[in-house]
1. Over the chain, what portion of Cα pair distances is larger than 19 Å, expressed as a whole percent?
2. Going by amide H atoms built from the backbone, whose H comes under 5 Å of the H on G32, apart from near neighbours?
3. Of the residues A28, A41, A53, which exhibits the maximal mean-square fluctuation in a Gaussian network model of the chain defined by a 10 Å Cα contact cut-off?
4. Could you go through the range 41-56 in sequence order and give the Karplus-derived ³J(HN,Hα) for each residue, using 6.51 cos²θ - 1.76 cosθ + 1.60 with θ = phi - 60°, rounded to whole Hz, and x for Gly and Pro?
5. Return the long-range amide H neighbours of T66 (sequence gap of 5 or more, or a different chain), with a cut-off of under 5 Å between placed amide H atoms.
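What follows draws every value from the coordinates through simple rules; no lab data is involved. These figures come from a predicted structure and were not determined experimentally.
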Amino acid sequence: QDNLFITDQRGRIFEITAAGVLYKLAGALTTGNVNGAGATARFNNPQGITKDAAGNVYVADFGNNTIRKIAITVQ
């Protein structure tokens, strides 16, 4: 889909669409290791990101030594 996924060291995960629309998928400015929807989720220095054929996004959460899954839901 030509979308770009980015992470920042503070723990936020973003998607930029081919049309230039920016979405925050998960995370907040407070780092941590919490599963949850949107800003409830906490990451600690996410550094890698990929997407599978089903639309799930996987994040290498470096500071927590884990691979985290973000399930994208359409509303």
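1. Percentage above 19 Å: 26.
2. Correct list: F43, N44.
3. Maximum among the listed residues: A53.
4. 5, 10, 10, 10, 6, x, 10, x, 8, 8, 10, 9, 5, 7, x, 6
5. Placed amide hydrogens put D61 under 5 Å from T66.
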